[in-house]
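Right, one structure below, let's go through it.
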Amino acid sequence: MEQKKTNNRAVMAQAESESAVLQPSRRSFLRGSAIAAGAAATVGATGGAALAAGNPKHLPPNVPPWSMELGDSVTAEPYGIPSQYEKNVHRRTVPWLTPTGESSISFTPIQDLHGIITPNGLHFERHHGGFPHIPKEDFRLIVHGMLENERMYTMQDIMRLPQVSRIHFVECPANSGAEWRGAQMDKLQFTHGMVSCCEWTGVLVKTLMEELGVKSGAKWVLAEGADAAGMSRSIPIEKLGDDCILAYAQNGEMLRPEQGYPLRLIVPGFEGNMNVKWIRRLEFGDQPWHHREETSKYTDTMEDGSSRRFTWFMDAKSVITSPCPEYPMLGKGYHQIRGLAWSGMGKIKGVDISVDGGKNWMPARLEGQVLDKSLTRFVFDWEWNGQEAMLQSRCYDEKGNVQPTIDQLREVRGTWSIYHNNSIHTWLVQKSGEVLNVQVSGK
Ligand SMILES: Nc1nc2c(c(=O)[nH]1)N[C@H]1C(S)=C(S)[C@@H](COP(=O)(O)O)O[C@H]1N2
Ligand SMILES: [Mo]
């Protein structure tokens with residue numbers, strides 16, 4: 001077995017940043033690492049020694065000022081914001097992914113999150129043509145094609161219909177895409193930050209289908225966005241009529257503009273790209289449309305040059321979120337290993353942990369709610385002996401899908417892929433406690 005760390009960074013740019021330069025220059029790479037290093041310094045200052053030391057004036061037996069003075073009345077902000085001491089918890093972009101200066105991908109700081117819900121201001125973003133600001137009253141959804149009745153809906157029409165709320169993850173298939181050919185990203189936020197999980201509220205598409213009557217022979221539905229990209233995908237009708245949601249709310253409030261306000265499609269467990277934001281049209285037909293996002297993009301080139309197409313399901317995947325490069329080990333002794341697991345095929349059934357790079361495995365415990373096509377939290381009690389360790393998590397779902405090693409994945413899919421990398425991830429814990437992104441490969 002050999003640890004690999006390469007610096008071949010071209011892959012994900014090709015996949016997710018169509019408008020951008022495909023081969024990042026040496027310079028933009030350096031700029032990227034400088035920014036990443038800056039972020040690490042901030043994390044260290046608030047998360048490590050400085051935090052334990054505190055301000056002597058504020059510590060017992062002294063009485064800190066906040067115990068002696070009347071505090072603020074209600075918050076000055078009518079819409080509350082996080083503590084000023086948590087400013088470091090925010091989405092980040094990778095400059096070399098979109099070197100034009102206009103970022104089109106921002107990553108969720110999953111290293112800073114707890115439980116399974118992604119707060120609305122931290123949901124990752126992916127925009128193919130920027131994001132529009134659409135007044136609710138000017139919004140229309142057209143539903144047409146192979147239906148008994150065609151109809152144009154206002155937001156009021158949509159919100160009058162029976163409501164459902166479901167917790168589901170959304171993951172861009174390019175998440176971890178840069179890791180296909182070797183360990184490349186130096187932070188958890190960038191190796192796995194294109195997945196988020198919210199409670200989505202809206203109306204099941206099934207409800208509209210029942211209202212309008214689907215003609216026999218209809219097999220596919222085109223979902224199209226109202227953004228400048230007019231992003232569109234063909235979706236099999238069985239999936240759309242099953243658990244897909246036209247969602248107007250996330251985590252209890254109306255969608256954020258960057259998440260598709262006022263209405264988006266949620267296609268539970270299917271690749272992020274199909275969760276069309278700012279949705280303006282659903283067309284029912286008898287065959288797929290073969291649009292750009294399902295031909296030239298969101299397909300995987302196999303070793304023999306052929307294309308794997310309509311790769312909808314997000315496979316069983318997991319990652320350790322503590323420790324991680326952003327939050328290194330604080331010394332020998334007890335450490336609770338924590339992480340997230342998810343599968344687009346159902347519920348997570350279990351997660352195993354290895355501390356020796358995949359030689360031995362021990363079961364982790366699932367903590368909190370275990371839901372269908374949702375992020376699931378796992379924990380594992382660990383006594384660290386202060387020696388080098390290689391931490392891995394491997395999940396399996398209720399349908400029997402097991403997260404593969406990167407070697408197993410490459411064996412089936414070759415090395416040209418960018419999308420759908422659900423391989424087991426490795427963190428190398430050094431004696432210093434520092435955590436590095438490495439790849440364990442027998443090849
Ligand atoms: N209309 C429209 N829908 C879209 C996109 C887009 O650019 N336009 N991006 C897609 C992609 S590639 C992904 S991964 C998800 C990301 O959703 P998020 O930005 O809410 O995280 O939205 C999808 N839906
Ligand atoms: Mo995406």
Original post:
When the dipole is taken about the Cα centre of region 64-137, and only Lys, Arg (+1) and Asp, Glu (-1) are charged at their Cβ, what size is it in debye, to the nearest 20?
Top reply: 320
Original post:
Which order do peptides 76-87, 401-412, 340-351 fall in by mean Cβ count within 10 Å, highest first?
Top reply: 340-351, 401-412, 76-87
Subject >> Charge dipole (the chain, unit charges on Cβ, about Cα centre) - positive-most of I237, Q439, Y261 >> reply: Q439
Subject >> Taking the convex hull of Cα positions in region 314-428, its mean projected area over all directions (nm²) >> reply: 7.4
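If you put +1 on each Lys and Arg Cβ and -1 on each Asp and Glu Cβ, how big is the dipole of region 68-110 around its Cα centre, in Debye rounded to 20?
Details: 3 positive and 5 negative charges, 60 e Å.
Result for region 68-110 is approximately 280 debye, rounded to the nearest 20.
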Subject >> Lys/Arg +1, Asp/Glu -1 at C-beta; region 43-148 dipole; positive extreme among G80, G121, I105 >> reply: I105
Original post:
Using a Cα distance threshold of under 25 Å, what count of lysine pairs results for region 289-374 when pairs must be 8 or more residues apart or interchain?
Top reply: 10
**OP:** Using a 1.4 angstrom probe on the protein heavy atoms only, line up E383, E125 by accessible area, largest first.
**Re:** E383, E125
**OP:** Compute the long axis of helix 26-47 from its Cα atoms, compare it with the longest principal axis of the Cα atoms of the chain, and write down the angle in degrees, 0 to 90, nearest 10.
**Re:** 60
**OP:** Let me know the Rg and Dmax you get for region 90-235 when you use only its Cα atoms, in Å.
**Re:** 18.5, 54
**OP:** Quick one: grab Rg to one decimal and Dmax as a whole number for region 356-412, Cα atoms only, in Å.
**Re:** 13.8, 38
**OP:** Would you mind checking region 415-443 for residues with the amide N under 14 Å from a putative spin-label position 7 Å along Cα→C-beta of N360?
**Re:** none
Original post:
Can you give the Rg to Rh ratio of the chain, both from alpha-carbon atoms, with Rh computed by the Kirkwood formula?
Top reply: 0.99
Subject >> Gain on full stretching of the segment that runs from M68 to M254 - 0.36 nm per residue minus C-alpha separation >> reply: 63.0 nm
**OP:** Taking H placed 1.01 Å from N in the peptide plane, check which residues at least 5 places from M231 or on another chain put their amide H under 5 Å from its amide H.
**Re:** G225
Original post:
With r defined as the distance between the Cβ atoms of D286 and H114 and R0 fixed at 41 Å, what FRET efficiency is calculated, to the nearest 0.05?
Top reply: 0.30
Original post:
For G241, which sequence-distant residues (separation of 5 or more, or a different chain) have an amide H within less than 5 Å of its own amide H, given hydrogens modelled in the peptide plane?
Top reply: none
Subject >> Assigned charges on the beta-carbon of Lys, Arg, Asp, Glu; region 277-394 dipole about Cα centre (debye) >> reply: 400
Subject >> E199-R160 pseudo-label distance in nm [points 7 Å out on the Cα-to-Cβ vector] >> reply: 2.7
Subject >> Other-chain or far-sequence residues with amide H under 5 Å of T321's (modelled H) >> reply: R338, G339, L340
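The values are calculated or read from the model by the stated rules, or taken from the named source; none is laboratory data. Because the structure is predicted, anything quoted here is derived from the model rather than measured. Cβ atoms come from the backbone with ideal geometry, glycine included; neighbour counts cover every protein chain shown. Surface accessibility is based on the protein's heavy atoms, side chains included, excluding ligands, DNA and RNA. Shrake-Rupley method; radii C 1.70, N 1.55, O 1.52, S 1.80 Å.
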